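Here is the structure we will look at, set down as structure tokens.
The values are calculated or read from the model by the stated rules, or taken from the named source; none is laboratory data. Source: prediction; values computed, not measured. Don't worry about glycine lacking a Cβ; one is built from the backbone with ideal geometry, like all the others, and counts go over all protein chains shown. Note: areas computed on protein heavy atoms with side chains; ligands, DNA, RNA excluded. Shrake-Rupley method; radii C 1.70, N 1.55, O 1.52, S 1.80 Å.
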Amino acid sequence: MSSSTLAPAVSLIVPVYKSEATLGACLDSLLAQTEADIEIICVNDGSPDNCASILESYASRDARICVITQQNQGLSAARNAGMDVARGRIVDFVDSDDTVSPDLCRRLVEVFDATDADVVTFGAVCEPEDRASKRIRQLLSPAAATFDTFDAALLFSANAQPYAWRTAMRRAFMERENIRFSTRLRFAEDVPYQFIVYPLSKKTVLIPDRLYHYRMTDGSLTHVYNTEASRAQKVEQHLLMFEVIFDEWRKRGLLGLCPGEMVAWCLDLTLFDLVRLPSAEADACALHLSRLLRDVYGEKWYTLPPKGAQRRAALAVAQGAESGFEMRKRDLIAFFAATRGVKTCVERFI
């Protein structure tokens, strides 16, 4: 068992904000872990509801729960505060509106100990599952795999993205590489986390176990930004996310990694919304994206994607930065067919 002098096996970091309706179920699932040697670090990020009293009640009943209280600073800052005090050999994240399998921590300990991995990524269940798209369900269902060095598949094709809560890491790795979340982002803040963790990990293991229960809520920023009224804001948030990733890669000497795949990925996350914006907003966003990619990869950035349809889409963005963005629907469909596959493309457009 853990004590004040002995590090626990697992640290579970739980940012808490406006989740009084779900916080109890979340904490119950953590306290029900079959691996008892854990610490649960709850960071009350200035929640204005009843979360503080719920946390106080649970902490008074179980010494494994540690509560940190801070003024509201956002999800990334809350996670960072938990990482600053984590003592476990393994660190994982749990959102306060979700729950986890009773075997989450036991499986993490088993896999980390058996493989000596720096990072372990696992699967998840969406609840209710019928509200999740086929793509999200696919992304949350990784096949078993071991990567002894960085492979671009971890970022683009191995169902290892997105969501930070499904990617646990060894604390020694976290401290060695100074892993933290960017506080510049309010949306998709966990994507840069994985874009730093995977390239720096000396060994990454994917397991198919569905150990996390992801609650599909209408109030989450992901769902809010998926509304038509927020389309321009969503594109801008994605552009900011790209900036954060490239800034981190520049500082860590990683900009040479998979440039063609990175350009295609940036287009993949923005084009579907970009073509649906009013022309003035589309032109501004295309200009922003083109300048960002040009600054990272040079004037001919649009020649880097590996497939012809991707290069044509990239050229449309580059030309749009000069004369106004315009893209034919057939070119958009060809881009997604080349990037995500024909089946996914048909499901999206038909």
>> Using a Debye calculation, one point per C-alpha and no hydration shell, please list log10 I(q)/I(0) for segment 57-181 at q = 0.14 Å⁻¹ in order.
In response: -0.73
> Just going by the charge dipole of segment 262-319, with Lys and Arg at +1 and Asp and Glu at -1 on Cβ, which of Thr270, His288, Pro305 is farthest out on the positive end?
Replying inline: Pro305
> For the chain, what proportion of DSSP beta bridges, expressed in % and rounded to the nearest 5, is antiparallel?
Replying inline: 30 percent
> Between Arg291 and Asp148, 0.36 nm times their residue separation minus their Cα-Cα distance comes to what?
Replying inline: 48.0 nm
> What is the helix-to-structure angle for 259-274, meaning the angle in degrees between its Cα long axis and the longest Cα principal axis of the chain, kept from 0 to 90 and rounded to the nearest 10?
Replying inline: 80 degrees
>> With 16 Å as the cut-off, how large is the P(r) tail for segment 95-168, expressed as percent of Cα-Cα pairs?
In response: 54 percent
> Where does the chain land at 222 nm, in deg cm²/dmol rounded to the nearest 500, when only DSSP H runs of n ≥ 4 count, each adding -39500 (n - 2.57), divided by all residues?
Replying inline: -14500 deg cm²/dmol
>> In Å and on Cα atoms, what radius of gyration and Dmax does segment 167-217 show?
In response: 12.7, 35
> So which residue, out of Gln73, Gln138, Gln194, gets the largest mean-square fluctuation from a GNM of the chain using Cα contacts under 10 Å as springs?
Replying inline: Gln73
> Given +1 on the Cβ of Lys and Arg, -1 on the Cβ of Asp and Glu, and no further charges, what dipole in debye does segment 38-127 carry about its Cα centre, rounded to the nearest 20?
Replying inline: 260 debye
>> Please report the spacing between the Cα centers of segment 81-105 and segment 314-342 in Å, no decimals.
In response: 40 Å
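In square nanometres, what is one fourth of the surface area of the convex hull spanned by the alpha carbons of segment 135-193?
Here the figure is 4.9 nm², rounded to one decimal.
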> In µm²/s, what is D for segment 252-342 at 37 °C and 0.692 mPa s, where D = kT/(6 pi eta Rh) by Stokes-Einstein and Rh is the Kirkwood radius from Cα pairs?
Replying inline: 253 µm²/s
> Relative to the longest principal Cα axis of the chain, at what angle does helix 75-85 sit, 0 to 90 degrees, rounded to 10?
Replying inline: 40 degrees
> For helix 279-297, what angle does its Cα long axis make with the longest principal axis of the chain, in degrees from 0 to 90 and rounded to 10?
Replying inline: 80 degrees
> Can you pull the Kirkwood radius for segment 7-74, inverse mean 1/r over Cα pairs, to one decimal in Å?
Replying inline: 12.1 Å
> Any idea what the relative contact order of segment 138-259 is, in percent, if you count C-alpha pairs under 8 Å spaced at least 6 apart?
Replying inline: 31 percent
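Nearest 20 debye, what's the magnitude of the dipole of segment 78-225 about its Cα centre given +1 on Lys and Arg Cβ and -1 on Asp and Glu Cβ? Each step should come with its number before you reach the end.
Working: 20 positive and 21 negative charges, 45 e Å.
Dipole about the Cα centre, nearest 20: 220 debye.
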> Counting only heavy atoms of protein chains, what accessible area per residue, in Å², does the chain have with a probe of 1.4 Å?
Replying inline: 43 Å²
> Taking the chain on its own, what percent of its Cα-Cα pair distances exceed 26 Å?
Replying inline: 51 percent
> Which one of Asn44, Leu239, Ser101 has its Cα pushed farthest toward the positive end of the charge dipole of the chain, where Lys and Arg give +1 and Asp and Glu give -1 at the Cβ?
Replying inline: Leu239
>> Tell me whether segment 58-105 comes out rounded, prolate or oblate; compute the Cα gyration tensor, take square roots of the eigenvalues as a ≥ b ≥ c, and use a/c under 1.5 as the rounded threshold.
In response: rounded
>> Report D for segment 83-124 in µm² per second (integer): Stokes-Einstein, Kirkwood Rh on Cα pairs, 25 °C, 0.890 mPa s.
In response: 211 µm²/s
>> Can you bin every Cα-Cα distance in segment 235-283 into 5 Å intervals starting at zero and give me the percent of pairs per bin, rounded to whole numbers?
In response: 5, 19, 25, 23, 14, 9, 5, 1
> How large is the charge dipole for the chain, taken about the Cα centre, if only the Cβ atoms of Lys, Arg (+1) and Asp, Glu (-1) carry charge, to the nearest 20 debye?
Replying inline: 1080 debye
> Over the chain, what relative contact order in percent results from Cα pairs under 8 Å that are six or more residues apart?
Replying inline: 14 percent
